[in-house]
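What follows is a short report on a single structure.
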Number of protein chains: 2
Amino acid sequence: MIPGPVDIPPRVLRAMSKPMIGHRSKEFGKILEECREILSEILNTSNDVLIISGSGTSGMEAAIGNLIGKDDKIAVIENGKFGERFAEISEIYGNLVHIKYEWGEPIELGDVEEALRKGVKAIAMVHNETSVGLLNPAKEVGELAKEYGALFILDVVTTIGGDETKIDEWGVDIAIGGSQKCLGAPPGLSIVSVSDEAWKMMRERRPYYLDLVAYKRSAEKRETPYTPAIPLFFALREALEIIKEEGIEKRIKRHRKQAKAIREAMVELNLELFPKINEVTKYSNTVTAIKMPEGVEDGELRGRIASMGYKIAGGQEKLRGRIFRISNMGNFSSKEILGVILALEVALKELGVIENIGKGVERAHEVLNKS
Amino acid sequence: MIPGPVDIPPRVLRAMSKPMIGHRSKEFGKILEECREILSEILNTSNDVLIISGSGTSGMEAAIGNLIGKDDKIAVIENGKFGERFAEISEIYGNLVHIKYEWGEPIELGDVEEALRKGVKAIAMVHNETSVGLLNPAKEVGELAKEYGALFILDVVTTIGGDETKIDEWGVDIAIGGSQKCLGAPPGLSIVSVSDEAWKMMRERRPYYLDLVAYKRSAEKRETPYTPAIPLFFALREALEIIKEEGIEKRIKRHRKQAKAIREAMVELNLELFPKINEVTKYSNTVTAIKMPEGVEDGELRGRIASMGYKIAGGQEKLRGRIFRISNMGNFSSKEILGVILALEVALKELGVIENIGKGVERAHEVLNKS
C-alpha cells in the first residue's frame, strides 16, 4: 500500500502477455483510441487526451516544455515534493514565480492571486501532493487562473481514477495523469489532456520526444509519433475496463471512504495526521500521511508491518523518518484497508506505543460500512 | 518480420506478468543492475550504460539535448529516415551542419571530414539505417570524429544485439539502443551509453526527464530518477538471458548469415536491393530493403505475403510503394527466413513476376547451411 506503483490485478498483468503487434496496426489503433475515450470520461473533459510512453514526470515536462520559453513566466505552487518538481522543470524552460510553502502546509488563495498578478503565462499545481497527503484546491486555483488569463496546468497523477478530476469544469488547460496509481495499471505511461486555449499558446520550439503537437497529429490517425510501449497499452486498456466495470463514481466514493476510514482510525489510535488543511486545501483521498509516533524508528515500524504482509511508505527526502504513508490507490477492498490498520496496531503495540489492539480497526470498519 | 517491434518469445511475454514491485526496492535494483551489465557486454563498452523508460527517439533526444546548446554546432549524417530524425532534434537544440544524402545513398568520408572541419561539438550518425537497409561506417566516422575532437553520437537502435556494436573500439561517446529490435524485448526502453569525455561536455541546462546526469546518479544507487516502466524491465532482463544463452557472438553470426541469405535469394529472384553501398557503407545485417518489382503494387504484394502468415514492411514516407523490407531482427530461425522467402516467391508467381517457385529458397538454404 505504497503510493504507486500499485499492485496490479492478475487480469491486467496477463494482458501484457499478448503477442506483440505493430504500432501502426489497426489493432493498436483501436486500443489507443479506446484508452483515450475512457480516459476522457474519467477526466470529464472534451479536451484532447494523449498518451505518452514515459512516467508522470515526462507528462509534467511535456506540459511546461511545450508552453514555456525563456521569455515566459510560470507560477508554481509548491507544498510538497512534486510541486517542487514542477518548479525544477520550470526553471529549465522559463522564469519561475514561486508560490512556496513548507511541505504539508495548505495553500492560501491570496498568495496564488499575488503571483498571478505578475503576468504569468501559466500556473502549475499538483492536485494531490502524495508526498504529504494533501489535496490541493483545483477548482479555486482554476478560477483564479482564468480571471488573470493564465493557463492552468494540473498534475492529477495520483487522483485520476481515484478522486474527482473535473478537468473542463475546473478550467484545466493541461492535465497530467499517470498509469501506475489509482488507475491500477503498471508504470510507464503518462496521460496528458490539452485544451484549445493551450494549443493556441504552444511554443514554436518544442521538445521532440515530448512534443504534444506531434502526439495530437498522430492521435488523429490513431497512432503515436514514436514507438509506444505496447504491452503497457494492453495493460492500461484492461485496467480501464476494470474501472468501467466498477463505475467511476463508485470508484471515487470507495477511495474517499477508504481514506476517511484510515484517517479516522489514526485519530482513534491517537496518531496525528501530518498535513495541515484549511478551507480550500483538504486531506488526500488516495494517500494518508501520518506523523511518526515519538520514539518510533521508521524502519522498525515499517519492517514489522511488512512482516505481516503489508508494505507502506515512509517519508520522502526531508520527511524521511518523520512520517509514514498509507496509500489506498487502485483496487483495494475493505479487507486490505482493515488489514493494514490491524498490522499497524500490532506493530505499535509491540513497540509500546498503544496498549490494546482493535480500536483503529473498529473505527475504520464503522466508516467503511456507512453508506 | 517487420523491423520492430519484433515478435517476443513467450518466456519474455510471461516475464511481464510478474506481480508489481516497488521501483526503489532491492529486487528492482538487482534487475536494473543485471540489465546494465549484460548490455555493457553486448555494447563492448566500459562506459556508463543507462536505461530510459521511453522509445529509441527519447534516447536520441537525450544524447543531443544533454550536449548541444544554441551556441553549439552538431554535424548529422543523413541517408535515411532516422538520420533525418537526428537532424530534426539537432535543429531544436543547436546549430545543424548537414551531411546529407538521398535516402539509401552511401556515406563518403570526405563529406564527413568537410563537416568536421567546421568545428562541431559532436557528430551524430545512425549505425543501421532501417528505412533503407544500410549499415553506416561506425569505425571510420569514429576515427574522424576523434581526429577533429568531436564527440561521436551513434544510434545503434537496430544493431544492438544483432550486429557488432564495438562502442569503445569505435570511440562512440554516446550510443543509443532500443529494446524492441534485435534484443527481442518489447518496445518502451531506450539504452544510452555515455563516455567520460561526453560527461565532461554535458550542458548546464539539460532536459529534465531525459537528463542523463540524473540517470547516472540514480544508477549508482541502482535506481532510476523517475518511476521506470517496471514490466518492461522484467521483459528486458529475460530477453537478455536468452541472448546470453545463445551467446552474443553466435547471435551476430546468425543475423549476418540470415541477412546474407535473404539478399542472395533476392538476387537469385532477379530482384534488386534498394540501397547503394561503397567501401565503407555496407548492406544492413538486420533488415533488407528491396526495390518493388516493376508493376507490382505494395499492398497487393504484402497482403499476399501476409495471407501466408508473414508480415513484412513497406517503405516509409517517400519510399512508400517503392521498396519493401524484410527484417531478421531478434530471435528468428532458418524456418522463418526460408518461410518468408517462400511466401514472397509464391506472391511473385501469382503476380506474374516469376515463373517458378523455389530458386530463392534454395539459394537461401545454401547460405544458411554454410558454416
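List of remarks:
- Using only side-chain charges placed at the Cβ, +1 for Lys and Arg and -1 for Asp and Glu, the dipole size of chain B relative to its Cα centre rounds to 980 debye.
- Using a 7 Å Cα-to-Cβ projection, residue A:91 label spacings across copies, nm, ascending: 3.3
- Shielding score for B:185-193, defined as the mean number of other chain Cβ atoms within 10 Å: 4
- Mean projected area of the Cα convex hull of the range B:10-246, taken over all directions, amounts to 11.8 nm².
- Check: the range A:248-369 dipole with +1 on Lys, Arg Cβ and -1 on Asp, Glu Cβ, in debye: 620
- Residue-count net charge about residue A:267 - beta-carbon cut-off 13 Å; Lys, Arg +1, Asp, Glu -1: 0
- Listed residues B:335, B:260, B:30, most fluctuating in chain B (Gaussian network, C-alpha, under 10 Å): B:335
- Only Lys, Arg (+1) and Asp, Glu (-1) charged, at Cβ; the protein assembly as shown dipole about Cα centre in debye: 1340
- Percent antiparallel among DSSP beta bridges (both partners in the protein assembly as shown, rounded to 5): 60
- Counting, for every residue in B:21-28, the Cβ atoms of other protein chains within 10 Å of its Cβ and taking the mean gives 2.
- Within 10 Å of the Cβ of each residue in B:222-234, the mean number of Cβ atoms contributed by other protein chains is 6.
- Look at A:20, B:1 and count the other Cβ atoms within 10 Å of each Cβ; fewest to most, that gives A:20, B:1.
- A dipole drawn for chain A from +1 and -1 charges on Cβ atoms has a positive end, and of A:312, A:225, A:116 the residue lying farthest that way is A:225.
- Shortest-first nm distances, residue A:317 label point to equivalent points in other copies (7 Å, Cα→Cβ): 4.0
- Karplus 3J(HN,Hα) series, Hz, for the range A:240-245 with 6.51 cos²θ - 1.76 cosθ + 1.60 (x for Gly, Pro): 5, 5, 4, 5, 4, 5
- Added length on full extension, which subtracts the Cα-Cα distance from 0.36 nm per residue, residue B:333 to residue B:276: 17.8 nm
- Nearest to the axis that brings chain A onto chain B is this chain A residue, judged by its Cβ, with the distance in whole Å: A:16, 2.
- In whole angstrom, the protein assembly as shown maps to an equivalent ellipsoid with semi-axes of 48, 28, 24, each derived as √(5λ) from the alpha carbon gyration tensor and ordered largest first.
- Taking amide hydrogens as placed 1.01 Å from N in the peptide plane, the amide H of residue B:323 sits under 5 Å from those of B:292, B:315, each at least 5 positions away in sequence or on another chain.
- Packing-based ranking of A:303-311, B:154-162, A:11-19, A:165-173 yields B:154-162, A:165-173, A:11-19, A:303-311, ordered from highest to lowest mean Cβ neighbour count within 10 Å.
- Once you reduce the range A:9-70 and the range A:244-293 to the center of their Cα atoms, the two points are 28 Å from each other.
- Residue B:27-residue B:349 FRET efficiency (beta carbon distance; Förster radius 60 Å; 0.05 resolution): 0.65
- Using a 7 Å Cα-to-Cβ projection, residue B:279 label spacings across copies, nm, ascending: 8.2
Each reported figure results from applying straightforward, stated rules to the coordinates on display, with no laboratory input. Because the structure is a prediction, the values reported are computed rather than measured. Every residue, glycine as well, gets a Cβ built from its backbone with ideal geometry; the counts of neighbours run over all protein chains shown.
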